[in-house]
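One structure below.
The values are calculated or read from the model by the stated rules, or taken from the named source; none is laboratory data. All values reported here derive from a predicted model rather than from experimental measurement. A quick note on method: Cβ atoms are made from the backbone with ideal geometry, for glycine too, and the neighbour counts reach across all protein chains shown.
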Amino acid sequence: MKITEWLEGSIHFHGVIATPADDEMDFAMLAGALRAEAQYAGFSVEALEAACGGNIPAHLMANAHVINSDGRWGRT
């Protein structure tokens, strides 16, 4: 499995896409949990950061509050 596929699944699993908070600290805490899970899944922190464009909390925030054309949360 590629890190990008794992990341997409993790974002949906954690409900990041439906996270109501706009506080960067909330997303920083989610990023910490995501780092630990990525390592447990066999990915390096560097690979996760690269998949997130270098900034994990910013990537999570960018994927929050996105509603698809069919009304579901998340990017298609």
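Summary table
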{"quantity": "Residues that are loosely packed, with under 13 Cβ neighbours inside 10 Å and at pLDDT 90 or above, drawn from the stretch 1-27", "calculated": "2"}
{"quantity": "Selection within the stretch 28-52 - of a type outside the set (S, T, N, Q), outside any helix (DSSP H, G or I) and either surrounded by 15 or more Cβ atoms within 10 Å (Cβ to Cβ) or at pLDDT 95 or above (or both)", "calculated": "42, 43, 52"}
